[in-house]
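A quick write-up on the structure given underneath.
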Amino acid sequence: MRATTFTFASILLFATPLVASAESLTFTLENKTPNMVVQAFVSPADGGKSIELLHKKGLFGGKSRQLTINDGSDACVYKLRLVFEDDSFEDVRDKVDFCETGTYTIDD
């Protein structure tokens, strides 16, 4: 009886589809400009939904903050858009690999 139970449990285990686990990526955003960043958007470089990381908490010039990308994907490379308090913005031309980048710095 015990062998039957084990065999049945093994069949259930292997018959269950495996779901890829999504990672959360954490990095530090450093603002070395005199202006406050009011929004920071990321979206996977290969397409996907854009998410806002600052959650209505601006990042003042000269400050830094640890941010987490938790979008449910297993992507590493993202497009980044930063919006400043004067409604100007910076689109990062190079895609950022947040699996390899611990800190992203905004300069003047």
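Read-outs: derived from the displayed coordinates by stated rules, not from any lab. The shown structure was predicted, so the numbers you read here are calculated from the model rather than taken from an experiment. Quick reminder, even Gly has a Cβ in these numbers, built from the backbone with ideal geometry, and neighbours come from all protein chains shown.
Starting from 0.36 nm per residue, how many nanometres of slack lie between LYS56 and MET36 once their C-alpha separation is accounted for? It would help to have the intermediate numbers written out before the result.
Working: separation 20, 0.36 × 20 = 7.20 nm, distance 1.19 nm.
So the extension gain works out to 6.0 nm.
Around GLU100, under 15 Å between beta carbons, what's the net of Lys plus Arg minus Asp minus Glu among the other residues? Mind showing how you got there, number by number?
Numbers: positive: LYS95; negative: GLU23, ASP74, ASP94, ASP97.
Around GLU100, the charge tally is -3.
For the range 33-48, what does the Karplus curve 6.51 cos²θ - 1.76 cosθ + 1.60, with θ = phi - 60°, yield as ³J(HN,Hα) per residue in whole Hz, taken in order and with x for Gly and Pro?
Working through the residues one at a time gives 9, x, 9, 7, 8, 9, 8, 9, 10, 10, 8, x, 4, 8, x, x Hz.
Suppose the chain between THR28 and GLN66 were pulled fully straight at 0.36 nm per residue; how much longer would it get relative to their current alpha carbon spacing? Please report the intermediate quantities before stating the final value.
On the way: separation 38, 0.36 × 38 = 13.68 nm, distance 0.42 nm.
Going from the current span to full extension adds 13.3 nm.
Starting from the 7 Å offset along Cα-to-Cβ, what nm value, one decimal, do you get for the label separation of GLU90 and ALA45?
So the label points at GLU90 and ALA45 sit 1.9 nm apart.
All other residues with a Cβ under 13 Å from the Cβ of GLU52 taken together, and with Lys, Arg as +1 and Asp, Glu as -1, what is their net charge?
+3
Most exposed first by the Cβ proxy, i.e. fewest other Cβ within 10 Å, how do ASP97, ASP107 rank?
Details: ASP97 13, ASP107 8.
Fewest-to-most ranking of ASP97, ASP107: ASP107, ASP97.
Mind checking which aspartates and glutamates have their Cα closer than 20 Å to the Cα of LYS95? Skip sequence neighbours fewer than 8 apart in that chain.
GLU23, GLU30, ASP46, GLU52, ASP71, ASP74, ASP107, ASP108
Which values, in whole Å and largest first, are the semi-axes of the equivalent ellipsoid of the range 20-106 obtained as the square root of 5 times each eigenvalue of the Cα gyration tensor?
22, 13, 12
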